[in-house]
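The values are calculated or read from the model by the stated rules, or taken from the named source; none is laboratory data. Keep in mind it's a predicted model, so treat the numbers as computed, not measured. All Cβ positions, even for glycine, are placed from backbone atoms using ideal geometry, and neighbour counts span all protein chains on display. Accessible surface areas use protein heavy atoms only, side chains included; no ligands, DNA or RNA. Shrake-Rupley method; radii C 1.70, N 1.55, O 1.52, S 1.80 Å.
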Amino acid sequence: MKQDNSVSPRIRALFVDMDGTLIGPDEKVSANVRKAIQAAHVQGCLIIPCTGRARFTAQPIAEQLGIPLGYAVLANGAVVQNLATEEVLLCALIPDDVTLEIAREVFGLGVQIYLYEASLVNEVAHSRAVYHPSLPAGPWATPPRYQPYPAILEQL
């Protein structure tokens, strides 16, 4: 029996990384990338941005795609959220007690630790990273987003 190869399977969803894929160092979506994303969207493909970022820094990039906001995989896979409605479908963050245990172990090895937090302050979206001030921080760990937090090994 001869197979009909003239019809390819329809791609229903495209999970696409943000940093280095959708955007470059300038955090802008290029015209070519936007055109490709829009073409896939017009064909009925669900576009799902994926990133290690929190919603607050991912959403402005998703808005550059020129398609309606929808689902995104955020926080390195720990959160799945509809950016348009803010509905959270999955939130699988590491529990605080486990996070503290891991932080203590890593710090005990002499390695700097960074803990990321997303929050609302006065109804404005913020995200920050805290680190232990007794170890050197990376050159990119600049205030106000990166802040020393001496109690990082005791409480979050």
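Among the residues of segment 63-80, how many are within 11 Å of the chain's Cα centre (by Cα) and open to solvent by less than 50 Å² (accessible area, probe 1.4 Å)? Outline the logic, then answer.
Here is the first cut: in segment 63-80, the residues within 11 Å of the chain's Cα centre (by Cα) are 72-80.
Still in the running and open to solvent by less than 50 Å² (accessible area, probe 1.4 Å): 72-75, 77-80.
Within segment 63-80, residues that are within 11 Å of the chain's Cα centre (by Cα) and open to solvent by less than 50 Å² (accessible area, probe 1.4 Å) number 8.
Look through segment 20-50, keep the residues that are part of a strand (DSSP E or B) and either under 22 Å from Arg10 (Cβ atoms) or of a type in the set (Lys, Arg) (or both), and return whichever of them is most open to solvent (accessible area, probe 1.4 Å).
Initially, segment 20-50 is screened for residues part of a strand (DSSP E or B), giving 23, 29, 46-50.
Going one step further and asking which of them are either under 22 Å from Arg10 (Cβ atoms) or of a type in the set (Lys, Arg) (or both), we end up with 46-50.
On the way: Leu46: 80, Ile47: 13, Ile48: 14, Pro49: 6, Cys50: 29 Å².
Looking at residues that are part of a strand (DSSP E or B) and either under 22 Å from Arg10 (Cβ atoms) or of a type in the set (Lys, Arg) (or both), I get Leu46.
Take the residues in segment 131-142 that are open to solvent by 50 Å² or more (accessible area, probe 1.4 Å) and more than 20 Å from the chain's Cα centre (by Cα), then tell me which one is modelled with the lowest pLDDT. I'd like the intermediate steps shown before the answer.
Filtering segment 131-142 down to residues open to solvent by 50 Å² or more (accessible area, probe 1.4 Å) leaves 133-134, 136, 139-140, 142.
Within this subset, residues satisfying the condition of being more than 20 Å from the chain's Cα centre (by Cα) are 133-134, 136, 139.
Values: Pro133: 95, Ser134: 95, Pro136: 93, Pro139: 90.
Across segment 131-142, the extreme among qualifying residues is Pro139.
Just need a number here: residues in segment 51-62 that are open to solvent by less than 40 Å² (accessible area, probe 1.4 Å) and in a helix (DSSP H, G or I).
Here the count works out to 4.
Please state which of the following conditions Gln112 fails to meet, knowing it meets all the rest: (1) touching a His at 6+ places or on another chain (Cβ under 8 Å); (2) assigned to a strand (DSSP E or B); (3) of a type outside the set (D, E, K, R).
The failed condition is (2).
Could you look through segment 112-130, keep only residues that are out of contact with any helix residue (DSSP H, G or I) (no Cβ under 7 Å at 6 or more places or on another chain) and surrounded by 10 or more Cβ atoms within 10 Å (Cβ to Cβ), and pick out the one that is modelled with the lowest pLDDT?
From segment 112-130, those out of contact with any helix residue (DSSP H, G or I) (no Cβ under 7 Å at 6 or more places or on another chain) are 112, 114, 116-117, 119-124, 128-129; that's our starting set.
Now narrow it down to the ones that are surrounded by 10 or more Cβ atoms within 10 Å (Cβ to Cβ): 112, 114, 116-117, 119, 128-129.
Values: Gln112: 95, Tyr114: 91, Tyr116: 81, Glu117: 75, Ser119: 62, Arg128: 78, Ala129: 85.
Once the filter is applied, the top-ranked residue is Ser119.
Search segment 94-111 for residues being modelled with pLDDT under 95 and of a type in the set (Asp, Glu), and hand back the single one that is farthest from Ala129 (Cα to Cα).
Per the stated criteria, the residue is Asp97.
Does Ala62 count as at pLDDT 95 or above and among the small types (Gly, Ala, Ser)? It would help to see each step written out before you state the result.
Values: at pLDDT 95 or above: yes; among the small types (Gly, Ala, Ser): yes.
So Ala62 passes the test.
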